Amino acid sequence: MTVTTNAPPDKRRSHGDVAAPPIRRRSLGDLKVAMIFLAPATLGFVVFYIWPTLRGAYLSFTEYSLLSAPNFNGLANYERMIQDSFFWNALVVTVEYVVLNIGIQTILAVGIAMLMYRLTQSITVRAVILLPYLIANVVVALVWYWMLDFQVGIVNQGLTYLGIDPVAFFGESQWAIPTIAGINVWRHMGYTALLVFAGLQMIPKYVYEAAEVDGASEWKSFWRITLPLLRPVLVMVLVVTMIGSFQIFDTVAVTTQGGPINATRVIYYYIYERAFTRFDFGYASAMAMVLFAILAVVSLVQLRLLRAKESDLA
């Protein structure tokens, strides 16, 4: 006896056939799961980054002191900023620190990374190099503040033993910013060196072997091969270091509090003084917005000039 069905031939399915998986339903389910995992991070980003930025942008156009409601005053804060000599001094001091910090830190980090790459790739050595970065900024600043103290610091005690006059590292204008830059270079250069070291491991060894066959020296290989192929990593290091350098605060707050005679009053510390010492939140917000714009422009210029998206490795 023949069994017939009204279903079209392409809709009939035997007992051995396996139903096709609901692709669209599965993708929607994966999206829901991903959104659940992303929700805490997204909420934190909105609450602690997006909302404060928008709030600060609004307050920059107001006169606000926490004691009364914000009073809209247009561009008055920005006009005041143009005439504020302390703001321009803070900006110059910050740029001086940024140049010293980035220049010294990058050179030392590349040197340390090259030594690790050529001599040893031990995990223990990497851990020791990274150790200063794992110490809190405030702790590092306090330890160096005591070590560099003019009277009882171990560094000046050593200089006196060698017959050299003690140096007021934090008390003299010409030494204050270089000293603060040196402290932060000591703390961060290990982390930067590991980033550069990771970039070195991505360079194929056959490139160096070909250069050695052609008779290239170590120095020429470094300039003609290593640095060009490290450019994407170095661009990332320079941008991150530049942004972090402009945000220097805790070392200054612990050691000099902006002195002597405003020699270390960086822009972040000046914003803090205006906001939380003088309760001039409107003007402090305006300076923060200008700093945000400076960081954005400088980062974009760095990425464009250094061709961050391109690689010389073909």
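The values are calculated or read from the model by the stated rules, or taken from the named source; none is laboratory data. Predicted, not measured: the structure shown is a model, and the values here were computed from it. Positions of Cβ are generated from backbone atoms using ideal geometry, with glycine treated the same way; all protein chains shown enter the neighbour counts. Surface accessibility is based on the protein's heavy atoms, side chains included, excluding ligands, DNA and RNA. Shrake-Rupley method; radii C 1.70, N 1.55, O 1.52, S 1.80 Å.
Residues of region 94-127 being hydrophobic (A, V, I, L, M, F, W, C) and touching a residue at least 40 places away in the same chain (Cβ under 8 Å), which ones?
Step one: of region 94-127, the residues hydrophobic (A, V, I, L, M, F, W, C) are 95, 98-100, 102, 104, 107-110, 112-116, 119, 123, 125, 127.
Residues satisfying the conditions are 98, 100, 102, 104, 108, 109, 110, 112, 113, 114, 116.
If only one of 231, 224 is over 30 Å from residue 78 (Cβ atoms), among the basic types (Lys, Arg) and open to solvent by less than 40 Å² (accessible area, probe 1.4 Å), which one is it?
Working: 224 fails: open to solvent by less than 40 Å² (accessible area, probe 1.4 Å).
Checking each option against the conditions leaves just 231.
Among the residues of region 54-68, which ones are touching an Asp or Glu at 6+ places or on another chain (Cβ under 9 Å) and either within 9 Å of residue 286 (Cβ to Cβ) or not acidic (Asp, Glu) (or both)? I'd like the intermediate steps shown before the answer.
Here is the first cut: in region 54-68, the residues touching an Asp or Glu at 6+ places or on another chain (Cβ under 9 Å) are 63-65.
64, 65, listed by residue number.
Residue 240 - would you say it is open to solvent by 30 Å² or more (accessible area, probe 1.4 Å), closer than 16 Å to residue 140 by Cβ and either touching a residue at least 60 places away in the same chain (Cβ under 8 Å) or among the aliphatic types (A, V, I, L, M) (or both)? Give the steps one after another, and end with the answer.
Values: open to solvent by 30 Å² or more (accessible area, probe 1.4 Å): yes; closer than 16 Å to residue 140 by Cβ: no; either touching a residue at least 60 places away in the same chain (Cβ under 8 Å) or among the aliphatic types (A, V, I, L, M) (or both): yes.
No.
Exactly one of these conditions fails for residue 193: (1) buried (at least 21 other Cβ atoms within 10 Å of the Cβ); (2) in contact with a Ser or Thr (Cβ under 9 Å, 6 or more places away or on another chain). Give me its number.
Evaluating residue 193 over (1) buried (at least 21 other Cβ atoms within 10 Å of the Cβ); (2) in contact with a Ser or Thr (Cβ under 9 Å, 6 or more places away or on another chain) leaves (2) as the failure.
Looking only at region 292-306, count how many residues are touching a residue at least 40 places away in the same chain (Cβ under 8 Å) and assigned to a helix (DSSP H, G or I).
Residues that pass the stated criteria total 7.
Are there helices (runs of 4 or more DSSP H) fully within region 55-160 with at least 1 residues that are within 17 Å of residue 271 (Cβ to Cβ) and open to solvent by 50 Å² or more (accessible area, probe 1.4 Å)? List them. If you could, list the steps in order and put the result at the bottom.
Numbers: elements: 76-82, 85-119, 123-130, 137-147.
The helices (runs of 4 or more DSSP H) meeting that bar are 76-82, 85-119.
Kindly provide the set of residues from region 247-274 that are within 18 Å of residue 189 (Cβ to Cβ) and crowded, with 21+ Cβ neighbours inside 10 Å, ordered by number. Step through it out loud before you land on a result.
Taking region 247-274 first, the residues within 18 Å of residue 189 (Cβ to Cβ) are 247-248, 250-251.
Answer for region 247-274, where residues must be within 18 Å of residue 189 (Cβ to Cβ) and crowded, with 21+ Cβ neighbours inside 10 Å: 248, 251.
Report every pair of residues separated by at least 6 positions or lying on different chains whose Cβ atoms are under 7 Å apart, first residue within region 181-198 and under 19 Å from residue 141 (Cβ atoms), second open to solvent by less than 10 Å² (accessible area, probe 1.4 Å) and hydroxyl-bearing (Ser, Thr, Tyr).
These pairs meet every condition: 181/97; 183/251; 184/251.
Could you tell me which residue of region 276-290 is nearest to residue 143 (Cα to Cα), considering only residues that are among the hydrophobic types (A, V, I, L, M, F, W, C) and open to solvent by 10 Å² or more (accessible area, probe 1.4 Å)?
From region 276-290, those among the hydrophobic types (A, V, I, L, M, F, W, C) are 276, 279, 281, 284, 286-290; that's our starting set.
Still in the list and also open to solvent by 10 Å² or more (accessible area, probe 1.4 Å): 276, 279, 281, 288-290.
On the way: 276: 26, 279: 31, 281: 32, 288: 30, 289: 33, 290: 33 Å.
Filtering region 276-290 for residues that are among the hydrophobic types (A, V, I, L, M, F, W, C) and open to solvent by 10 Å² or more (accessible area, probe 1.4 Å), the one nearest to residue 143 (Cα to Cα) comes out as 276.
Within region 261-275, is even one residue within 24 Å of residue 142 (Cα to Cα), in contact with a helix residue (DSSP H, G or I) (Cβ under 8 Å, 6 or more places away or on another chain) and among the small types (Gly, Ala, Ser)?
So the first thing to find is which residues in region 261-275 are within 24 Å of residue 142 (Cα to Cα), and the list is 261-273.
Among the residues that remain, those that are also in contact with a helix residue (DSSP H, G or I) (Cβ under 8 Å, 6 or more places away or on another chain) are: 261-272.
When the remaining residues are screened for being among the small types (Gly, Ala, Ser), the result is 263.
For region 261-275, residues within 24 Å of residue 142 (Cα to Cα), in contact with a helix residue (DSSP H, G or I) (Cβ under 8 Å, 6 or more places away or on another chain) and among the small types (Gly, Ala, Ser): present.
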